Amino acid sequence: MNVDGTTGSSQQDPSSSNNIASNGSAAGMNNLFMQLLVAQIQNQDPLNPTDGTEYVSQLAQLTQVQSMETMSQLMANNSVLMDNLQTLTTGNLVGQHVMVQTDSINSDGETSIEGRLTLEHPASKVTVIVKDSSGTEHKIELANQEAGQVDFTIDPKEMGLPEGKYTLSVVTDTGEEAVPVEIGGTVSNVRIPLDGSPTQLNIVGIGEVAYNKITQFGDSAQTRS
């Protein structure tokens, strides 16, 4: 927008305009824009007036900017609302049973841990490998499995697993790689990191996992059977 300063009586005080714009608010920017538009109209050359369509275009641009700012503010408010709802939801999970996708467990050496894997193809031999920190492997053999979900149980007493942390992996006779594994457990507490990272759930038999790793709320079919 160009303002011709030929008429001094109608010019805006620069310091006043700066003060209006300095607050950075939509109202302040709107007031400044209107003042500049009025000044442009008042100070235009009477012998060569500005085309009226230019004013309409400028007003349209202002409206577009205001709409974008309003939308941005609404999105920010929705983000805060969603964060608050997630916090309330995760707080209610304490004491609840969930399934999470993970490749590790924390065994107490006594309590059985339920698990589930998902096969893309049928397999005549499926092996769940439970490996301790020293690299020793303990195997759970699952034969003749159809494609889809396959339940299994890690029994520390039966497998001779002492207390400690173990990693999980799956091997099939079809060569299927990166088979997803889910483990079930009860949420003991919820931690909300101060750095804004995902909410952490402390789950019995698993340890801390991010909230977005949850794949199921409530008991699995294996637990109900």
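The values are calculated or read from the model by the stated rules, or taken from the named source; none is laboratory data. Everything quoted here is computed from the prediction, not taken from an experiment. Every residue, glycine among them, receives a Cβ derived from its backbone with ideal geometry; neighbour counts consider all protein chains shown.
So here's what we get for this one:
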read-out	value
Residue match in region 207-216 (condition: in contact (Cβ under 8 Å) with a residue 24 or more places away in the chain and farther than 30 Å from M82 by Cβ)	no
Residue in region 189-196 that is at pLDDT below 90, among the small types (G, A, S), assigned by TED's automatic domain parsing to the domain that holds Y166 and touching an Asp or Glu at 6+ places or on another chain (Cβ under 7 Å) present	no
Only one of G207, G164 that is over 23 Å from L142 (Cβ atoms) and within 22 Å of the chain's Cα centre (by Cα)	G207
Check on A143, touching a His at 6+ places or on another chain (Cβ under 8 Å) and farther than 17 Å from G109 by Cβ	no
Condition met for G115 (in contact (Cβ under 8 Å) with a residue 12 or more places away in the chain, in contact with a Phe, Trp or Tyr (Cβ under 8 Å, 6 or more places away or on another chain) and of a type outside the set (K, R))	yes
Per-region count, region 130-181, residues β-branched (V, I, T) and either over 14 Å from D103 (Cβ atoms) or in contact with a Gly (Cβ under 8 Å, 6 or more places away or on another chain) (or both)	8
Any chance G184 is among the small types (G, A, S), within 18 Å of T102 (Cβ to Cβ) and in contact with a helix residue (DSSP H, G or I) (Cβ under 9 Å, 6 or more places away or on another chain)	yes
Within region 196-214, tally of residues that are polar (S, T, N, Q) and crowded, with 18+ Cβ neighbours inside 10 Å	2
